[in-house]
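Novice: Pasting a structure below so you can have a look.
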Amino acid sequence: MSAEHVCLRCGACCASFRVSFYWAEADPAVAGSVPIALTEKLNDLRRVMAGTNSKAPRCVALEGQVGSCVRCTIYAERPSPCREFRVAWEDGLPSAECDKARLIWGLPVLQPYALLLPEQIIEHRLAQADPVLNLSPRRSTPDDVSVGMVDAPEPPPAKEHDAGESAAYS
Ligand code: SF4
Ligand code: SF4
């Protein structure tokens, strides 16, 4: 994940939902990668990330301050709901769960250009001002004119969490 990625200044989804998954994801005997010491048993089939099965959930693997600067300390070993969770506007699509988490923490929902780099935002705004001719600052020749919207950035890692008491994954 890029150092500039919006999720590194958020972390709301890691502190809003119960993160539950099939027990085997945390069982090294069957190639589970999630550190079992950071999980708790939910029922016979599922475990949760410790700290998330609570009225005020916060995953124990989350480091930092939500809405400011955060990091997942088990990023490479995170469970499937975290890998599948979609940040809003990834692939150009909204994400109700991302929006919900951010609103819980008083953060504004992401706008369609939130995942763009600063120079791409400039291009995006140029394209909005003139949807036919979008002069691209990344291109070097003066007559090099692109038409339409900017390219989408590299998609970030996806995460998915269940939604607490109304969990779809529990
Ligand atoms: S996916 Fe959405 S809620 Fe989760 S860290 Fe990224 S911006 Fe925040
Ligand atoms: S394992 Fe990482 S990505 Fe998943 S909820 Fe915890 S801190 Fe967030």
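Novice: Name the residues whose placed amide hydrogens come within less than 5 Å of the amide hydrogen of Ala114, ignoring near sequence neighbours (fewer than 5 apart) on the same chain.
Specialist: Amide H neighbours of Ala114: none.
Novice: On to the next question. Residues with amide H under 5 Å of Thr39's amide H, sequence separation 5 or more or different chain, H placed in the peptide plane at 1.01 Å from N; which?
Specialist: Ala50
Novice: A follow-up question, please. Which loop GluC sites (Glu not before Pro) in the range 1-109, with loop taken from DSSP, have no more than 13 other Cβ atoms within 10 angstrom of their Cβ?
Specialist: Glu4
Novice: Quick check: Cα centre of the range 11-47 to Cα centre of the range 64-96, how many Å?
Specialist: For the range 11-47 versus the range 64-96, the Cα centre distance is 16 Å.
Just so you know, all these numbers are worked out from the coordinates, no wet-lab data involved. None of these values were measured; they are calculated from a predicted model. As a convention, Cβ positions derive from the backbone with ideal geometry for all residues, glycine included, and neighbour counts pool all protein chains shown.
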